[in-house]
Amino acid sequence: MEVIMGEAESKAALAGVYSQGKEPQLVSVSDSGHDEAWAIGGALFIVPAIPPDAPPLLEYALRVRREATFTGSCSVCGATVALLTFGSSVNVPLNHSSIPHRNNCPALDENIAPQLTRHYQERAEQTLEEQLKSATRQTRLKAASTPQGERIPIKNASFEKWAADFIDARMTDSPPCGHLKANVAQTWNMSTGDKSWKCNECFAYYQESVRRGEAQLSYREEHTCDRCRKFAPPLEPMLVRVDNFYIVGGMCSVCSTESQQAARPRQKSSRGKKGKRRGTNSRKR
Ligand SMILES: [Zn+2]
Ligand SMILES: [Zn+2]
Ligand SMILES: [Zn+2]
């Protein structure tokens with residue numbers, strides 16, 4: 001049974017949803033990976049996914065549209081939510097929150113749709129190998145642009161085998177997000193304390209929730225070295241990038257120092273050389 005409310009009433013109901021100040025939660029991703037369902041309080045919103053390799057203008061338009069849907073007003077054109085039809089209870093899904101973006105607003109569906117269609121068509125014309133190559137390139141760029149304090153890239157070639165085994169093991173014990181299931185050829189992100197694979201979008205949301213103190217790790221895991229598994233606070237930040245895998249975690253100072261030594265004859269001990277800690281931040285993020 002569905003009751004269609006008057007506009008004023010539905011606006012009030014939706015204003016209630018927005019005023020709860022609840023964070024949007026990703027509920028599910030469509031099989032195609034093209035659409036997402038988000039819940040805010042008791043209301044459900046369907047929004048287009050932001051493709052990991054979207055051109056900047058398309059990505060921007062999708063972000064503006066998404067923010068407008070989640071907040072009820074558009075930061076670019078100033079349009080506010082104006083639902084004509086809205087389900088009777090907060091549990092009835094909203095298929096579209098119709099925000100009447102102005103004609104020149106990038107978030108207007110008529111402006112987004114052709115770009116999005118073209119993007120998915122172009123991608124469909126690529127082979128999986130081409131898609132993976134592009135994902136690896138983007139992941140390399142992501143690692144290179146990660147702030148210095150948050151990464152100590154591994155230089156020791158003998159760590160490559162460890163990293164490859166680590167990734168293999170996580171492929172069997174750590175679930176991927178719906179976006180990765182729908183489209184494997186993108187960056188696979190993991191925070192080792194969290195033990196799940198996330199696309200760039202989901203990973204950004206996760207990192208934000210860590211910053212807000214919502215995502216908690218066990219004290220033990222937080223201070224356990226990802227390589228030797230010793231409990232050894234404080235850990236040093238670790239970044240592993242292999243192909244299209246991007247993993248952040250922590251290593252004890254022994255492993256971290258070793259990871260910085262280029263594999264060369266032992267007698268030239270590089271002990272102490274550049275052995276300084278980078279920050280005291282030991283969290284695995
Ligand atoms: Zn707008
Ligand atoms: Zn995802
Ligand atoms: Zn260690």
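Each reported figure results from applying straightforward, stated rules to the coordinates on display, with no laboratory input. Keep in mind that what you see is a predicted model, and the values were worked out from it rather than measured. Backbone-built Cβ (ideal geometry, glycine too); neighbour counts: all protein chains shown.
A few remarks follow.
- Karplus (6.51, -1.76, 1.60) ³J(HN,Hα), θ = phi - 60°, over the range 168-176, in Hz, Gly and Pro reported as x: 4, 5, 6, 5, 9, 10, 10, x, x
- Here is the result for the range 172-254: no chymotrypsin sites (Phe, Trp or Tyr not before Pro) lie in DSSP coil with at most 13 other C-beta atoms within 10 angstrom of their C-beta.
- Charge tally around V47: other residues with Cβ under 14 Å, Lys/Arg +1 each, Asp/Glu -1 each, net -3.
- If only the Cβ of Lys and Arg carry +1 and only the Cβ of Asp and Glu carry -1, the dipole of the range 144-260 around its Cα centre is close to 60 debye.
- Couplings 3J(HN,Hα) of the range 111-124, computed from phi: 7, 7, 3, x, 5, 5, 4, 4, 4, 5, 5, 4, 5, 5 Hz, in residue order, whole Hz [Karplus 6.51 cos²θ - 1.76 cosθ + 1.60, θ = phi - 60°; x for Gly and Pro].
- Applying both filters, DSSP loop and at most 11 other Cβ atoms within 10 Å, to the GluC sites (Glu not before Pro) of the range 193-256 gives E214.
- For the range 139-154, the Karplus equation 6.51 cos²θ - 1.76 cosθ + 1.60, evaluated at θ = phi - 60°, returns couplings of 5, 4, 4, 4, 5, 5, 9, 6, x, 3, x, 9, 9, 10, x, 6 Hz by residue, with Gly and Pro reported as x.
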